[in-house]
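Any read-out appearing in this document is the output of simple, stated calculations on the displayed coordinates, not a laboratory observation. What you are looking at is a predicted structure, and each value in this text was computed from that prediction instead of being measured. Cβ coordinates were reconstructed from backbone atoms using ideal geometry, including for glycine residues, and neighbour counts include every protein chain displayed.
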């Protein structure tokens, strides 16, 4: 059976690609902003955690582990500490 692509199929694929590209661009922008924020306030565990989350979303596991680990070192009980530990466990699988 021959697969026939419709115009709608191409529009759907283009739309999915554009959304993915936008997401990656937003992640890049978030990484830049959060890196700058951690330079200004290096001992803020929430900023470190958020940078780790962004690294994780970008597939940068080593960087994610480093930032999330640093957040937990700074304050093992910061408001997102449980989520941080959960993410570290997932990254270590």
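Remarks
- Extension gain (nm, one decimal) between residue 46 and residue 92, 0.36 nm per residue minus Cα-Cα: 14.5 nm
- Potential extension, residue 61-residue 28 segment - 0.36 nm per residue separation minus Cα distance: 10.4 nm
- In terms of packing, defined here as the mean over residues of other Cβ atoms within 10 angstrom, the peptides 34-45, 51-62, 68-79 line up highest first as 51-62, 68-79, 34-45.
- The radius of gyration of the Cα set in the stretch 38-93, together with its Dmax, comes out at 10.0, 32 angstrom.
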